[in-house]
Amino acid sequence: MTFQFLVLNRYFSSSPAMAAAIKNVTVIGGGLMGSGIAQVAAQTGHRVTVVEVNENAIEKAKNGIQNSLQRVAKKLYKDKPADAETFVKETLSRLHTSLDLKDAVKDTDLVVEAIVENLDLKHKLFSTIDSVAPNHTIFASNTSSLSIQDIASVTKRKDRFGGLHFFNPVPVMKLLEVIRIPETSDETYEKMTAWGKALGKTTITCKDTPGFVVNRLLVPLLAEAVRMLERGDATARDIDTAMKLGASHPMGPFELADYVGNDTTKFILDGWHQKYPDVELFKPIPLLTKLVEEGKLGLKTGEGFYKYDKGTK
Ligand code: 3HC
């Protein structure tokens, strides 16, 4: 072996650009976000395993993915029903489900965690898989409210840890926020970003700050809209119309709050309020608290700021 070959070989094998691409992905949590992430990954040729805690949750995830895939197929293959069918079939052939967390990560390149926003549960999960996942496996969280560094703290692979924050509905929204903690290696960051691009997303990079970019701007907007309604400045319908026609937002703040879930918005705000109790913008909003206490969480419960017919998507 020549000296030149050795030098080149060493350069390429340690170069982030030459690092093996992510092929096998494990998504933990098959809720709305987890299902969406799994679907898009399978659509773009990745082998995906979705991990859930029981058969019921798996069935729900499968049904959600099937419905969403049909919508995507219809859009991609308008006048070609046979191609649409092949697309759905091939995508589903790359999608697997599992109830066995340890088994599901044993030969994966990337784990994307999309479980409930509970730090203790996330710690339990990541410390369990840290010892069984291969050395090269990257761990990422889709958290929208917790600190990536706090989540990563229980693992021994902080250099292979980051945030991958998707937006609902994942198959439609084009953005992916890639979050680096100080320990995230360049190679991990490059791989996460390349994977986002392979999914067809546009990636942006953000430090591990509360709400990253989008939620830090969007959640205060929702909060201010609720305060406006509380004060009686305008009706929910008029505030929504104003933001759709005056700012070209695809949904008004109340439609969006109902779409995201009032519990989610409240959870994010409460977390920030705990951390920054003096910031006026993050303080609890009685109307939002009342809706959540009454179970009026939005689209998913049939009522939030608006009422929805059963079957509304
Ligand atoms: N799966 C697949 N396709 C879907 C879909 C889904 N779940 N939901 C919508 N679509 C497709 C539809 O099939 C339709 O396709 P077409 O153009 O070929 O007909 C297209 O998207 C538009 O959908 P609709 O016609 O049903 O309705 P709209 O035109 O009103 O669009 C919307 C729906 C895409 C949700 C749009 O209103 C929108 O962009 N809203 C804003 C959403 C947003 O801001 N999301 C971010 C929330 S914040 C977040 O997620 C962060 C978290 O941490 C809280």
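Once C-alpha pairs closer than 8 Å and six or more residues apart are averaged by separation and normalised to the residue number of the chain, the relative contact order reads 13 percent.
Taking a span of 24 Å or more along the helix axis (Cα atoms) and a mean Kyte-Doolittle hydropathy of at least -1.0 as the rule, the DSSP H helices of the chain that qualify are 55-76, 214-231. Across the options 96, 250, 43, the greatest Cα extent toward the positive end of the charge dipole of the chain (unit charges at beta carbon of Lys, Arg, Asp, Glu) belongs to 43.
What pairs from 124/300; 106/158; 62/266; 191/283; 275/307; 191/300 go past 26 Å between their alpha carbons? Numbers along the way, then the final one.
Numbers: 124/300 28 Å; 106/158 19 Å; 62/266 28 Å; 191/283 38 Å; 275/307 33 Å; 191/300 34 Å.
Cα-Cα > 26 Å for 124/300; 62/266; 191/283; 275/307; 191/300; rest within.
For segment 249-313, the Cα gyration tensor yields ellipsoid semi-axes of 24, 12, 9 Å (square root of five times each eigenvalue, largest first, whole Å). Considering only 140, 155, 87, and ranking their Cα positions along the charge dipole of segment 69-175 that arises from unit charges at the beta-carbon of Lys, Arg, Asp and Glu, the one farthest toward the positive end is 87.
Put in order of Cβ neighbour count within 10 Å, fewest first, the listed residues 160, 231, 71, 47 become 231, 71, 47, 160. The antiparallel fraction among DSSP beta bridges confined to the chain stands at about 15%. The calculated FRET efficiency for residue 174 paired with residue 153, based on their beta-carbon distance and R0 = 35 Å, is about 0.65. Simple spin-label estimate for residue 308 and residue 118 gives 2.4 nm between the two label positions (7 Å along the Cα-to-Cβ direction from each Cα).
Residues 195, 272 in ascending order of nearby Cβ atoms (within 10 Å, fewest first): 272, 195. Listed by Cβ neighbour count within 10 Å, with the fewest neighbours leading, 212, 87 appear as 87, 212.
Computed from the coordinates by the stated procedures, all read-outs in this text should not be read as laboratory data. This structure is a prediction, so every number in the text was calculated from the model and none was measured. All Cβ positions, even for glycine, are placed from backbone atoms using ideal geometry, and neighbour counts span all protein chains on display.
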